[in-house]
1. Which fully enclosed helices (runs of 4 or more DSSP H) of region B:134-225 have 1 or more residues being more than 14 Å from chain A (Cβ to nearest Cβ) and within 21 Å of C:ASN140 (Cβ to Cβ)?
2. Give region C:124-133 a look and list any residue that's part of a helix (DSSP H, G or I), surrounded by 24 or more Cβ atoms within 10 Å (Cβ to Cβ) and out of contact with any Pro (no Cβ under 6 Å at 6 or more places or on another chain), or say none.
3. Give just the number: which of (1) in contact with a Lys or Arg (Cβ under 8 Å, 6 or more places away or on another chain); (2) part of a helix (DSSP H, G or I); (3) within 7 Å of chain B (Cβ to nearest Cβ); (4) not β-branched (Val, Ile, Thr) does A:MET231 not satisfy?
4. Among residues belonging to region D:52-79 that are surrounded by fewer than 21 Cβ atoms within 10 Å (Cβ to Cβ) and at the interface with another protein chain (Cβ under 7 Å from one of its Cβ atoms), point out the one that is modelled with the lowest pLDDT.
5. Mind checking which residues of region D:106-116 are within 21 Å of D:VAL187 (Cβ to Cβ) and touching a residue at least 40 places away in the same chain (Cβ under 8 Å)?
6. Go over the candidates C:SER214, C:SER182, C:SER255, C:SER266 one by one and state the one that is within 24 Å of C:LEU149 (Cα to Cα) and modelled with pLDDT under 95.
7. Considering every residue within region C:162-175, establish whether at least one is out of contact with any helix residue (DSSP H, G or I) (no Cβ under 7 Å at 6 or more places or on another chain), modelled with pLDDT of 95 or more and of a type in the set (A, V, I, L, M, F, W, C).
8. Answer with yes or no whether B:ALA141 is of a type in the set (Gly, Ala, Ser) and within 15 Å of the chain's Cα centre (by Cα).
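The values are calculated or read from the model by the stated rules, or taken from the named source; none is laboratory data. What you are looking at is a predicted structure, and each value in this text was computed from that prediction instead of being measured. Positions of Cβ are generated from backbone atoms using ideal geometry, with glycine treated the same way; all protein chains shown enter the neighbour counts.
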Protein chains: 4
Amino acid sequence: ENLLEIAGRQFQSRLMTGSGKYTDFDRMRQSIAASGCQIVTVAVRRVQTNAPGHEGLAEALDWSKQWMLPNTAGCKTAEEAIRVARLGREMAKLLGQEDNNFVKLEVIPDPHYLLPDPIGTLEAAGQLVKEGFAVLPYINADPMLARRLEDVGCATVMPLGSPIGSGQGIQTAANIRIIIESAKVPVVVDAGIGTPSEAAQAMEMGADAVLINSAIALAQNPPVMAKAMGMAVEAGRLAYLAGRIPVKERASASSPQTGTIASTVS
Amino acid sequence: ENLLEIAGRQFQSRLMTGSGKYTDFDRMRQSIAASGCQIVTVAVRRVQTNAPGHEGLAEALDWSKQWMLPNTAGCKTAEEAIRVARLGREMAKLLGQEDNNFVKLEVIPDPHYLLPDPIGTLEAAGQLVKEGFAVLPYINADPMLARRLEDVGCATVMPLGSPIGSGQGIQTAANIRIIIESAKVPVVVDAGIGTPSEAAQAMEMGADAVLINSAIALAQNPPVMAKAMGMAVEAGRLAYLAGRIPVKERASASSPQTGTIASTVS
Amino acid sequence: ENLLEIAGRQFQSRLMTGSGKYTDFDRMRQSIAASGCQIVTVAVRRVQTNAPGHEGLAEALDWSKQWMLPNTAGCKTAEEAIRVARLGREMAKLLGQEDNNFVKLEVIPDPHYLLPDPIGTLEAAGQLVKEGFAVLPYINADPMLARRLEDVGCATVMPLGSPIGSGQGIQTAANIRIIIESAKVPVVVDAGIGTPSEAAQAMEMGADAVLINSAIALAQNPPVMAKAMGMAVEAGRLAYLAGRIPVKERASASSPQTGTIASTVS
Amino acid sequence: ENLLEIAGRQFQSRLMTGSGKYTDFDRMRQSIAASGCQIVTVAVRRVQTNAPGHEGLAEALDWSKQWMLPNTAGCKTAEEAIRVARLGREMAKLLGQEDNNFVKLEVIPDPHYLLPDPIGTLEAAGQLVKEGFAVLPYINADPMLARRLEDVGCATVMPLGSPIGSGQGIQTAANIRIIIESAKVPVVVDAGIGTPSEAAQAMEMGADAVLINSAIALAQNPPVMAKAMGMAVEAGRLAYLAGRIPVKERASASSPQTGTIASTVS
């Protein structure tokens, strides 16, 4: 069946969204609902520290409808990320998801491009897997790193399309294709998607899911964009299953160029 | 309201499809239904001449549900196209669409790439407009030609994304953008679209509609691809209305990089 | 031999440059010399009207070293262009090129994108060919228009890569490839090239020459950019002749992955 | 001055080439000479094991004219690569380059795409730097990995454009741009370049050098392609120094659209 399965858990929707950057909680709730997503990621550190815009955020969502994906945004080292992941598990429990062991692992030392550190990410992933987490690591689109992470037991790999929030789309398509071809765990394209066409493109390439936050939260009309993203992800998945036409060098007429119109029309 | 309007007639769907290349009529009907389209183009010349695969084609569709868009495929000169357009009007009448004066104008002397002749197209368009047709000309993505066609009274312009049936997607994006910016009539991207992401891309650019045939009819599973195309066109239109995020050089974090986790986690 | 031949005249260099937009004549002369080009286009109308920056321009170049390519920039209709072409021929004669019947034909009604009018261009081309001109028409990258122009006797076709002076590079590659494949006259990519890599790309695709003005004249250091462009055009041509490697899906090691290092290194 | 400096050594040419895949040594020598390169990489393991096509290879080149860059191709782990690097240093000494401590570090476990392992590469790099090597690591275009390698003392970073020998060009441009912006050591684009335009593109982006092997050795005419590559690298570098024009949305005429031709021509 056409379900997304991560760490033994099944989801209908292949769109994951985030909870950051919305101007207010109402708009966040409307957008998440409109998107049809079933997984929402939350920045544990920001929620815990009541960072601006995150006060009460975790409570603002209905966690009986959404599966929480705690993330370690804001962590610069493996150690930080490990500690924050543990806090995230507690947070999920407090909010009623007793068996939620998911963590979106982000180890990001770079303030300009918010690109993840491959070494720290692998190190933290190994530790968190040992502690029983279902680890979804955010990574550069490096096929060999993806394999390493799979080897230590990660539940997915989450290669980036382009820098977080940049809206540049999928600049790493060649590498993501290789990751998809090789990976035995789900591949989730995370970061950089700016439009529904780019979300659909990821799915058509064979990605198992996409995660989108800024492109929805910062659109001029977030709920409408959220709906568009949900539809595009589904359209891209359907197209992947339906089997696209091959790309051809030349044109191909709708029917044989035979017969003469002359006899008919004169 | 968010309706497509061509020559005074309104349509809910912004996807147009074709009737060629399907392996059988059942599959064609299922695909057209799954796509949600309201306009279907039919090759007058092929129907009239009972070309292989076209016998009974016009009768196979339910024209109380679909608006017919007779096309002049197979015509190499303006004269041929004009004659075939007139036949198309008769055909639409015979099939119950008394007031249908639409014609998709194709003047295509080139057998390899099936690219349209700008001179013959403009000449035929001028004549057909005089005869009361709503002319939808298939053209190379040439902004100046589009303007000429608008000036002689065409109802839309239909620039091609890439050669018919090639599935190369939108290779002419730069010119199509200029056409959309300048045109006062609807712009329909026609030919070359191979995937839902490409259909969504056209709509996000501001196209008013897209026409897709081969990418549906020749997909491994046409009805599923048809559904995907319908969703993608709607998603792309919604995204256009919702206002996408700007593309940025750098990353943009989901929240201020302030606060220290240290105090929280230690 | 590897020479560019246009209307029976042979040239060593496959780079054409322009004379507009330079801050001063010295810089123009240095740049043209550094580029190694043998054909320089001059806007007849601007020279004739002594438009700002064009006073004395025609006299500033050494026409014993450069072949003049008078152009009809600034003309909005076929009629204007025809008249200006005739003036250009006189201008070339006055400057010592008695047998110069070349004209770069530009019919440009659009002030925003400076895109050429296909209808007016074809009309003027036909007339100018009859008057004995070697006509080099500036056109949108429309293969069918290119064929029409070839049929009326043009000496080359000059499809644009992207709008004049935009530096967007070759946005019309798919169509230019078709033009190159079909044309029997030289294909000169004109307008839009911003960098040497883009100039080389045009030549690798099989273009016979490129024309570059803004990318040189408005570079921070025009003579150095001119030299770079000259080298890139030559490199691209050599690569076209040398036969590039095919693009492959996968990697290809530099040598068989056989033998074990173990025995050697232990 | 415009010299490439790596580990204190200066080079005029910014093109590095390889010695693999040539059909014979004469063609290799001609191509290397035609390219104007000063650094040639040699697969230590293949030379040492006399792998097919590598017998006598190291002796076939004139190492008084070329600087040898021994590489660790064929090594799947850090340990192997370290041992082969040491052998490479011996090899360079035997061939007369007493002070050559360069090594192109390749740790490649993947047989399909020949993509490097980031973890093993970093590990080996750290060890080799300690042993006094000037380490030039071949890496995926991961800016954070590049920083890690710089931090442990590598002499350059060598991000790949696309899989080795694929000729896909620079598929990783977005990440390479970030690496160039951040790196304090020279950035050498290695692998994937198929044409001179792609080589020039890398240089225009600000890369310090490029390494090209397959695109030359397997071209239909290797010496001519080698010459083209050498010219393109120089052209790209000059363009980088000369300062390209900005990319603009719209056209920009060569001169003000003022004055009327009417008065002149009538």
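1. Working: elements: B:143-151, B:173-182, B:196-204, B:214-217.
Here the list reads B:143-151, B:173-182.
2. Narrowing region C:124-133 to residues part of a helix (DSSP H, G or I): C:124-130.
After this cut, where a residue has to be surrounded by 24 or more Cβ atoms within 10 Å (Cβ to Cβ) as well, the list is C:124-125, C:128.
Selection gives C:ALA124, C:LEU128.
3. Condition not satisfied by A:MET231: (1).
4. Per the stated criteria, the residue is D:GLY53.
5. At the first step, the residues of region D:106-116 found to be within 21 Å of D:VAL187 (Cβ to Cβ) are D:106-108, D:114-116.
Of everything in region D:106-116, those that are within 21 Å of D:VAL187 (Cβ to Cβ) and touching a residue at least 40 places away in the same chain (Cβ under 8 Å) turn out to be D:LEU114, D:LEU115, D:PRO116.
6. Values: C:SER214 fails: within 24 Å of C:LEU149 (Cα to Cα); C:SER255 fails: within 24 Å of C:LEU149 (Cα to Cα); C:SER266 fails: within 24 Å of C:LEU149 (Cα to Cα).
Result: C:SER182 is the single residue among C:SER214, C:SER182, C:SER255, C:SER266 that is within 24 Å of C:LEU149 (Cα to Cα) and modelled with pLDDT under 95.
7. The answer is no; no qualifying residue exists.
8. yes
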